[in-house]
Every structure is written in C-alpha cells, then in structure tokens.
Amino acid sequence: MNKKRILVIEDEYDISFIISTCLEEFGTWETLTTQSPHEGITLAQTEKPDAIILDVMMPDMDGLTLFNYLKSEPNTQEIPVILMTAKVQNSDLKLFHNLGVKGVISKPFDPLKLVEQITELLQWK
C-alpha cells in the first residue's frame with residue numbers, strides 16, 4: 001500500500017510544523033504544507049493528496065471559502081477535507097457537516113492523538 005499524503009493548509013507556521021511532524025512521525029504519512037490558501041489550491045490540484053487538513057481562520061482566504069472552491073473543482077472535489085478550528089459550537093459543526101467536511105478537529109489539539117483522530121475521521125484502518 002502506498003504511503004498516505006496529506007496537505008496541511010495552516011497560516012501559522014508553528015502549528016503547521018507541529019501538525020506535519022505528528023503526521024510524519026506517528027502516522028508515517030507524507031505531508032505537504034503551506035501557509036498560503038492560494039498555494040494550497042495549487043498543491044491540491046497538482047499533488048493530489050489523499051486528504052487535506054484545513055485551518056478555518058486564515059487572513060487571505062478563510063477555510064470555508066477555500067473548501068467550497070476545492071469542492072467546486074473536478075480535480076479536487078473528491079479529496080476529503082478535515083477542518084481545524086477553535087470554533088466548535090454545535091451550529092458551526094452542523095454547518096461543516098452539511099457542507100460535506102469529513103470532520104472537525106478542535107484547536108488546541110492534542111498532538112499525541114492527532115493521527116488517531118484523522119485515521120478515525122477518514123476511516124483509514
């Protein structure tokens with residue numbers, strides 16, 4: 001089986017680094033990272049990752065706008081997306097679910113449980 005590849009789109013470098021390190025060390029997955037939503041679109045289109053971890057609150061383009069764009073494009077619409085956010089109210093979670101998001105991981109997250117959460121949300125066994 002091929003190694004899973006995950007694209008991390010997170011505007012804060014330190015958080016992006018922690019996510020990437022956890023996924024590579026504990027999940028033995030390959031990661032692609034960017035702090036730019038626009039570069040994230042390009043990477044999603046050219047690299048075809050197995051999943052995307054997407055920050056909701058970013059300055060240039062918010063995560064929901066980016067998510068909707070990815071879902072509107074034929075070559076990225078099938079890539080599962082997990083949102084990372086500090087906004088985890090029931091109304092937000094319902095909205096995310098209705099949009100077709102694979103899951104939500106709340107910030108702050110537990111680095112030691114991150115791979116387990118992603119595996120469960122994506123049903124990777």
_Among the residues that make up the stretch 55-62, is at least one of them buried (at least 18 other Cβ atoms within 10 Å of the Cβ), modelled with pLDDT of 95 or more and not charged (D, E, K, R)?_
no
*What tally of residues in the stretch 87-125 results from selecting those that are in contact (Cβ under 8 Å) with a residue 12 or more places away in the chain, of a type in the set (A, V, I, L, M) and more than 24 Å from Leu43 (Cβ to Cβ)?*
2
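The values are calculated or read from the model by the stated rules, or taken from the named source; none is laboratory data. The structure displayed is predicted, hence computed values, not measured ones. Virtual Cβ from ideal backbone geometry, glycine too; neighbours counted across all protein chains shown.
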